[in-house]
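Structure first, then comments.
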Amino acid sequence: MGRGSFGAGGFAKAVAGVAVGGMAASVLYQVRGARRDRRRFAPPGRMVDIGGRRIHLWTAGTGSPTVVVVPGLAESGLNWAGLLPELSAESSVVLYDRAGLGWSDPSPWSGSALRAARDLRRALRKAEIPPPYVVVGHSAGGHVARLFAAERPGQVAAVVLVDSSHPEQFRRLAGSRAELVRLTLREVLTPLGPRRLAFDAGWSGRARGAAEARCVPPELVPVRIAFDLSHRQRRAGLRETAAMVTVTPAQVRRRSAGLGAIPLTVLSSSRDDPLCADPRAIAERRRFYSVWYPLQEDLARLSSDAVHVVAEETGHHVHRYRPDVVVGVVLDHVRRARSGGGTR
């Protein structure tokens, strides 16, 4: 009896030891892989010191006003790289990596939209990229764009909100907050080490498929994969998500109730997403859109000089589906600013 009990206990300890060892090996493999990726993929833009940490600004083109792109939740400027050639052909462009995302250094503070807006302002000033700016915010990046414009309206020539988040969306869209939290928890509980090993060993094409779905230029797909497998990027994304469901909506309501007469285009997705083929997904999308569209209409009331444009046959990532529409809207604002304003 004694030896049997001892044997069972010894077996349990052995299993626990193997589990702990496996977890340690997974963490070590992940850390080493992430370090290797940072050496392999140098930042394509400027690393700007804003006081003990650096923000990456991917710059291209010349001329004023400067187009400043603020990507969506937990996304880096890399996802907008495909639009750089056309945008930079007419003016200066900056793709902004928020703290911990892309090539930017992580921040010890929260991932709130207000913090991101102030980081952006400091980085532009330190990089000597002067106003005026045409600020483009996609999804949760719309919150950052609004706060940036509201704090220094004299520096902003125009704002473009691309299927932007709305501070009331969690209240109006039943279950959306809980769904975002659920997806976040699932991400947290998925270890990156085995995912990286499966990709490196060629056992899984999931990482490559996810990166290619972002529609980044083919030569940048390996970089996107490296970001997707980065524990630093994951932490930054989790911080942004936590702020998105807590403090950020309150910040936007309080500090950016309106944009005055700053020219504004609200560019939103359409009711029917061409990637939704399943009848259940189509029905769910249409229920969602019945709330989302009025929220987008409400955003157009932020400015006395605003227009709401629906990009037909597009989902939430309008810049992937119809980059031509996004480029056209942004460059219209650039030309308008150069001509001194005037009617649309």
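The values are calculated or read from the model by the stated rules, or taken from the named source; none is laboratory data. This is a predicted model, so every value here is computed, not measured. In this analysis, Cβ positions are derived from the backbone assuming ideal geometry, glycine residues included, and neighbour counts consider all displayed protein chains.
Regarding Ala236, is this residue in contact with a Gly (Cβ under 6 Å, 6 or more places away or on another chain), closer than 29 Å to Arg118 by Cα and either modelled with pLDDT of 90 or more or outside any helix (DSSP H, G or I) (or both)? Give the derivation first.
On the way: in contact with a Gly (Cβ under 6 Å, 6 or more places away or on another chain): yes; closer than 29 Å to Arg118 by Cα: yes; either modelled with pLDDT of 90 or more or outside any helix (DSSP H, G or I) (or both): yes.
The answer is yes for Ala236.
If Leu95 meets every condition in (1) in a helix (DSSP H, G or I); (2) in contact with a Gly (Cβ under 6 Å, 6 or more places away or on another chain) apart from one, which number is that one?
Failed condition: (1).
Out of the residues in segment 125-139 meeting the condition of being surrounded by 24 or more Cβ atoms within 10 Å (Cβ to Cβ) and among the hydrophobic types (A, V, I, L, M, F, W, C), tell me which one is farthest from the chain's Cα centre (by Cα).
Of segment 125-139, the ones surrounded by 24 or more Cβ atoms within 10 Å (Cβ to Cβ) are 133-138.
From what is left, the residues that are among the hydrophobic types (A, V, I, L, M, F, W, C) are 134-136.
On the way: Val134: 18, Val135: 15, Val136: 12 Å.
Going through the qualifying residues, I end up with Val134.
Within the bounds of segment 220-234, is there any residue that is among the polar types (S, T, N, Q), within 22 Å of Arg36 (Cα to Cα) and assigned by TED's automatic domain parsing to the domain that holds Phe148? Lay out the reasoning, then the answer.
Kept after step one, since they are among the polar types (S, T, N, Q), are these residues of segment 220-234: 230, 233.
Going one step further and asking which of them are within 22 Å of Arg36 (Cα to Cα), we end up with 230, 233.
From what is left, the residues that are assigned by TED's automatic domain parsing to the domain that holds Phe148 are 230, 233.
Yes, some residue in segment 220-234 is among the polar types (S, T, N, Q), within 22 Å of Arg36 (Cα to Cα) and assigned by TED's automatic domain parsing to the domain that holds Phe148.
Looking only at residues that are in a loop (DSSP other than H, G, I, E, B) and of a type outside the set (A, V, I, L, M) in segment 258-273, which one is surrounded by the most Cβ atoms within 10 Å (Cβ to Cβ)? Please lay out each step first, then the result.
Kept after step one, since they are in a loop (DSSP other than H, G, I, E, B), are these residues of segment 258-273: 258-259, 261-263, 269-273.
This time we only want the ones that are of a type outside the set (A, V, I, L, M), so: 258, 263, 269-273.
Values: Gly258: 13, Pro263: 22, Ser269: 24, Ser270: 19, Arg271: 15, Asp272: 14, Asp273: 20.
Filtering segment 258-273 for residues that are in a loop (DSSP other than H, G, I, E, B) and of a type outside the set (A, V, I, L, M), the one surrounded by the most Cβ atoms within 10 Å (Cβ to Cβ) comes out as Ser269.
Exactly one condition in (1) touching a Phe, Trp or Tyr at 6+ places or on another chain (Cβ under 8 Å); (2) assigned to a strand (DSSP E or B) is not met by Val136; state its number.
Of (1) touching a Phe, Trp or Tyr at 6+ places or on another chain (Cβ under 8 Å); (2) assigned to a strand (DSSP E or B), only one is false for Val136: (1).
Of all residues in segment 163-181, which are over 22 Å from Pro71 (Cβ atoms) and either exposed (fewer than 11 other Cβ atoms within 10 Å of the Cβ) or touching a His at 6+ places or on another chain (Cβ under 6 Å) (or both)?
Residue satisfying the conditions is Gly175 alone.
For the list (1) closer than 18 Å to Arg335 by Cβ; (2) in contact with a Ser or Thr (Cβ under 8 Å, 6 or more places away or on another chain), I need the number of the one condition that Ala89 fails.
For Ala89, the exception is condition (2).
Residue-by-condition table, conditions (1) part of a loop (DSSP other than H, G, I, E, B); (2) among the hydroxyl-bearing types (Ser, Thr, Tyr); (3) more than 20 Å from Gly77 (Cβ to Cβ); (4) modelled with pLDDT under 80:
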position: Arg122; (1), (2), (3), (4): no, no, no, no
position: Arg177; (1), (2), (3), (4): no, no, yes, yes
position: Leu183; (1), (2), (3), (4): no, no, yes, yes
position: Thr190; (1), (2), (3), (4): yes, yes, yes, yes
position: Pro194; (1), (2), (3), (4): no, no, yes, yes
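Only one of Gly72, Gly77, Gly63 is surrounded by fewer than 17 Cβ atoms within 10 Å (Cβ to Cβ) and either among the hydrophobic types (A, V, I, L, M, F, W, C) or within 24 Å of Gly328 (Cβ to Cβ) (or both). Can you tell me which? Working first, answer last.
Values: Gly72 fails: surrounded by fewer than 17 Cβ atoms within 10 Å (Cβ to Cβ); Gly77 fails: surrounded by fewer than 17 Cβ atoms within 10 Å (Cβ to Cβ).
Answer to the selection: Gly63.
If I ask for residues that are of a type in the set (A, V, I, L, M), outside any strand (DSSP E or B) and either in contact with a strand residue (DSSP E or B) (Cβ under 7 Å, 6 or more places away or on another chain) or surrounded by 24 or more Cβ atoms within 10 Å (Cβ to Cβ) (or both), which ones from segment 141-162 would you list? Quick ask: steps written out before the conclusion?
From segment 141-162, those of a type in the set (A, V, I, L, M) are 144-145, 147, 149-150, 156-162; that's our starting set.
Now restrict to residues that are outside any strand (DSSP E or B): 144-145, 147, 149-150.
If the condition is that a residue be of a type in the set (A, V, I, L, M), outside any strand (DSSP E or B) and either in contact with a strand residue (DSSP E or B) (Cβ under 7 Å, 6 or more places away or on another chain) or surrounded by 24 or more Cβ atoms within 10 Å (Cβ to Cβ) (or both), then Val144, Ala145, Leu147, Ala149 are the ones that fit.
Among the residues of segment 248-257, count how many are among the aliphatic types (A, V, I, L, M) and loosely packed, with under 14 Cβ neighbours inside 10 Å.
Step one: filter segment 248-257 for residues among the aliphatic types (A, V, I, L, M), giving 250, 252, 257.
With the extra rule that they be loosely packed, with under 14 Cβ neighbours inside 10 Å, the set shrinks to 250, 257.
Number of matching residues: 2.
Output the residue which, of all residues in segment 80-124 that are of a type in the set (A, V, I, L, M), closer than 17 Å to Gly51 by Cα and within 13 Å of the chain's Cα centre (by Cα), is surrounded by the most Cβ atoms within 10 Å (Cβ to Cβ).
Checked segment 80-124; the qualifying residue surrounded by the most Cβ atoms within 10 Å (Cβ to Cβ) is Ala116.
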